[in-house]
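Just so you know, all these numbers are worked out from the coordinates, no wet-lab data involved. What you see is a predicted model; the values in this text were computed from it and never measured. Note: ideal-geometry Cβ built from the backbone for every residue, glycine included; neighbour counts use all protein chains shown.
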Amino acid sequence: MQCLLGRALPRLLLSVVILLAVALVVLGAKGLAAESHEVDIDNYHFSPSDLTVPVGTTVTWVNHDEIPHTVTAADTPRSFKSSGLDTDDRFSVTFTKAGTYTYLCTVHPYMTGKIVVR
Ligand SMILES: [Cu+2]
């Protein structure tokens, strides 16, 4: 009995170690994979206007309107600020700090949106 346990235990421990190593690799790869999201600018609206993302996410705005718009953070100093985006122009921000970022289009200040970074 003692002998049987003595042989089985190292194998069991080895299996547990291998499983833990695999789990770490899988979880680690998932944690490192940065997310990306797109916000469409369409008919004078940001869509989605409210977006919650993990830290490290890159958000790209795409202007689908025939009118120029901007994507400008509402804080001071501005966390981010695009130039005037023409039709099909894109603007990206990578959010490295948690927080709530409200933004607007400076050409049409009633166009507002919010990115919550956790
Ligand atoms: Cu605008």
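In a reduced charge model with +1 at each Lys and Arg Cβ and -1 at each Asp and Glu Cβ, region 42-96 shows a dipole moment near 320 debye about its Cα centre. Shape analysis of region 47-118 places it in the prolate category; the axes a ≥ b ≥ c from the Cα gyration tensor give an a/c of at least 1.5, with a/b above b/c. For the pair Thr94 and Asp42, label points projected 7 Å from Cα toward Cβ lie 2.8 nm apart.
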